[in-house]
Amino acid sequence: MHVPSQVSRVIRPQTQWLASADLPTKFGFFKTHVFRSGEDEHVALVFGAIEGRAELPVRIHSECMTSEVFGSLKCDCKEQLDFALADVARRGAGAVLYLRQEGRGIGLANKIRAYDLQSRGADTVDANRLLGLPDDAREYHVAADMLAHFGITSVQLMTNNPAKVNALAKLGVVVAGRLPLVVPPNPFSEHYLETKRARMAHELPQRLLDGHLAAISSGEAE
């Protein structure tokens, strides 16, 4: 049996490619690539032939242990990840870049501290500020390095967040278009999603949130 070389490849000083393998998922067969930046390992889940592609559908997704592992209903992260993986597979080619920056980059412990403040009335923005933390501490140089590794010349970015588009553009990533990820809220996430729309400029349809609130009031929401 041929054993591939385990030597890491340096993309630039910040990021190294470490390993890859096929990964069967409920959404289809992906190729998993692992990269290291600093102390963290990040993952590119690749579907189809993407090398050198232009306008490739790409989701840049930040880790959310509470929803993706424990099934928390406080946010839409797990649903967005599932939607992105299914949509990339449906399109025949694309990538989901999974970055290890929990809690919009503030870390798990601070995220749980923010949850405690939210349980006492603060929204997600004010909770971070009460802790002396930025509204959003994420950064995306690892994602830019991953795209460069595959020779991607431009992306169709799967996001509701214009700030993510701008951050990537500053890193030299050509964002040819934006593909929205709209997940219906639940009774525990609707205030969080409304805060993202109203205070963080996420492009979420007001009618979706209004419709869900109306359904809750009438007892029709699941």
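A compact table of results
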read-out	value
Filter on 31/74; 78/164; 111/170; 74/170; 26/74; 31/196 - keep pairs with C-alpha separation over 22 Å	31/74; 111/170; 74/170; 26/74; 31/196
Point-charge dipole on Cβ atoms (K/R +1, D/E -1) for the range 103-209, about Cα centre, debye to 20	60
Under-5 Å amide H pairs with residue 19, H placed in peptide plane, nonlocal only	34
The chain: antiparallel DSSP beta bridges as a percent of all, rounded to 5	70
Structure-based [θ]222 nm, the chain - -39500 (n - 2.57) summed over DSSP H runs of at least 4, per residue, nearest 500	-10500 deg cm²/dmol
³J(HN,Hα) computed for each position of the range 75-92 - Karplus, 6.51 cos²θ - 1.76 cosθ + 1.60, integer Hz, glycine/proline x	9, 10, 5, 4, 5, 5, 4, 4, 4, 5, 4, 5, 6, 4, 5, 4, 7, x
Label-point separation in nm, residue 199 to residue 170, each point 7 Å along Cα→Cβ	2.1
The chain, accessible surface, carbon-and-sulfur percent (1.4 angstrom probe)	55
Global geometry of the range 33-99, whether rounded, prolate or oblate, following the gyration tensor of its Cα atoms and the 1.5 cut on a/c	oblate
Estimated distance in nm for a label pair at residue 139 and residue 93, the labels positioned 7 Å out from Cα along Cα-to-Cβ	3.2
Derived scalar couplings ³J(HN,Hα) [the range 55-67; Karplus, 6.51 cos²θ - 1.76 cosθ + 1.60; whole Hz; x for Gly, Pro]	6, 6, x, 9, 10, 9, 10, 9, 3, 9, 4, 4, 8
Prolate/oblate/rounded label for the range 91-171 (Cα gyration tensor, a/c 1.5)	prolate
Computed E for residue 39/residue 65 - FRET, C-beta separation, R0 22 angstrom, nearest 0.05	0.85
Cα-based equivalent ellipsoid, the range 126-199: semi-axes from gyration tensor eigenvalues, Å	27, 17, 9
Distance in nm between pseudo-label sites at residue 54 and residue 32 (7 Å out along the Cβ direction from Cα)	3.4
Surface accessible to a 1.4 Å probe, per residue, for the residues of the chain, Å²	51
Whole-Hz couplings from phi, Karplus 6.51/-1.76/1.60, listed for the range 189-200; x for Gly and Pro	9, 5, 5, 4, 5, 5, 5, 4, 5, 7, 10, 10
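The values are calculated or read from the model by the stated rules, or taken from the named source; none is laboratory data. All values derive from a computational prediction rather than experimental measurement. Don't worry about glycine lacking a Cβ; one is built from the backbone with ideal geometry, like all the others, and counts go over all protein chains shown. For accessibility, only protein heavy atoms count, side chains too; no ligands or nucleic acids. Shrake-Rupley method; radii C 1.70, N 1.55, O 1.52, S 1.80 Å.
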